[in-house]
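Starting off with a structure, shown below.
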Amino acid sequence: MSHRPDQIASLIQRAVQDAIGRGVNDPRVRGLISVTRVLVDPDMSNATVFVSVLPEGHAKLTMHGLENAAGRIRRLIGRAIRLRRLPVLTFRLDDSLKRQARLEEVIKETRRS
């Protein structure tokens with residue numbers, strides 16, 4: 001089993017966060033955007049980028065903007081990461097942080113009772 005997809009995922013995560021931090025020329029992309037994780041297919045043809053967006057009200061529009069800017073972000077990453085073939089990027093909203101916060105809140109309420 002190769003660790004190569006994990007290594008590429010780590011490089012892509014940092015590069016995507018940097019590209020988004022520098023700014024995407026799309027007015028829909030706004031708010032605090034964090035790349036939480038990246039999953040790369042074993043054949044390294046596709047990469048799923050999970051992002052968290054705060055405030056939650058901006059999430060839907062930001063995701064549309066990121067999907068439309070995926071090609072541009074991929075080109076920016078291609079300049080930073082030298083690979084023979086850079087995976088195609090797909091963006092997904094990561095709501096695991098929100099679910100974790102809700103779970104912690106329920107646990108705290110249970111302990112109070």
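The values are calculated or read from the model by the stated rules, or taken from the named source; none is laboratory data. The structure displayed is predicted, hence computed values, not measured ones. So basically every Cβ, Gly included, is an ideal-geometry build from the backbone, and we count neighbours across all protein chains shown.
Any idea how many residues of segment 42-56 are over 14 Å from the mean Cα position of the chain (by Cα) and touching a residue at least 12 places away in the same chain (Cβ under 8 Å)?
Within segment 42-56, the first condition is being over 14 Å from the mean Cα position of the chain (by Cα), and the residues that meet it are 42-45, 55-56.
With the extra rule that they be touching a residue at least 12 places away in the same chain (Cβ under 8 Å), the set shrinks to 42, 44-45, 55-56.
Of the residues in that region, 5 qualify.
Here's another thing I want to ask about it. Take the conditions assigned to a loop (DSSP other than H, G, I, E, B) and surrounded by 13 or more Cβ atoms within 10 Å (Cβ to Cβ) and apply them to ASP26. Does it pass? Write out each step before concluding.
On the way: assigned to a loop (DSSP other than H, G, I, E, B): yes; surrounded by 13 or more Cβ atoms within 10 Å (Cβ to Cβ): yes.
Spelling it out, ASP26 is indeed assigned to a loop (DSSP other than H, G, I, E, B) and surrounded by 13 or more Cβ atoms within 10 Å (Cβ to Cβ).
List pairs: first residue in segment 14-41 and among the basic types (Lys, Arg), second residue outside any helix (DSSP H, G or I) anywhere in the structure, Cβ distance under 6 angstrom, at least six positions apart or on different chains.
If the second residue must be outside any helix (DSSP H, G or I), the pairs left are ARG37/PHE50.
For ARG85, only one of the following conditions fails: (1) part of a helix (DSSP H, G or I); (2) within 24 Å of GLN7 (Cα to Cα); (3) in contact (Cβ under 8 Å) with a residue 12 or more places away in the chain; (4) of a type outside the set (Gly, Ala, Ser). What is its number?
Looking at each condition in turn, ARG85 falls short on (1).
Could you check segment 88-113 and list, in sequence order, the residues that are more than 20 Å from PRO5 (Cα to Cα) and either in contact with an Asp or Glu (Cβ under 6 Å, 6 or more places away or on another chain) or of a type in the set (Val, Ile, Thr) (or both)?
Selection gives VAL106, ILE107, THR110.
So, in segment 7-25, exactly how many residues are β-branched (Val, Ile, Thr) and more than 15 Å from ALA70 (Cβ to Cβ)? Reasoning before the result, please.
So in segment 7-25, the residues β-branched (Val, Ile, Thr) come out as 8, 12, 16, 20, 24.
After this cut, where a residue has to be more than 15 Å from ALA70 (Cβ to Cβ) as well, the list is 8.
Residues in segment 7-25 being β-branched (Val, Ile, Thr) and more than 15 Å from ALA70 (Cβ to Cβ): 1 in total.
Still on this structure: Just to be sure before I move on: is ILE33 aliphatic (A, V, I, L, M) and not in a strand (DSSP E or B) in the structure I sent?
Working: aliphatic (A, V, I, L, M): yes; not in a strand (DSSP E or B): no.
Answer is no for this residue.
Give the number of residues within segment 67-113 that are over 15 Å from the mean Cα position of the chain (by Cα) and exposed (fewer than 12 other Cβ atoms within 10 Å of the Cβ).
20
What residue, of GLN100, GLN7, GLN17, is out of contact with any Lys or Arg (no Cβ under 7 Å at 6 or more places or on another chain), at pLDDT below 85, of a type in the set (S, T, N, Q) and not in a loop (DSSP other than H, G, I, E, B)?
Working: GLN7 fails: at pLDDT below 85; GLN17 fails: at pLDDT below 85.
After applying the criteria, what remains is GLN100.
Still on this structure, please answer the following. Please work out which residue is farthest from LEU86 (Cα to Cα), limiting yourself to segment 36-73 and to residues that are among the acidic types (Asp, Glu) and in a helix (DSSP H, G or I). Walk me through it before giving the result.
Within segment 36-73, the subset among the acidic types (Asp, Glu) is 41, 43, 56, 67.
Going one step further and asking which of them are in a helix (DSSP H, G or I), we end up with 56, 67.
Numbers: GLU56: 30, GLU67: 17 Å.
If we take residues in segment 36-73 being among the acidic types (Asp, Glu) and in a helix (DSSP H, G or I), then GLU56 is farthest from LEU86 (Cα to Cα).
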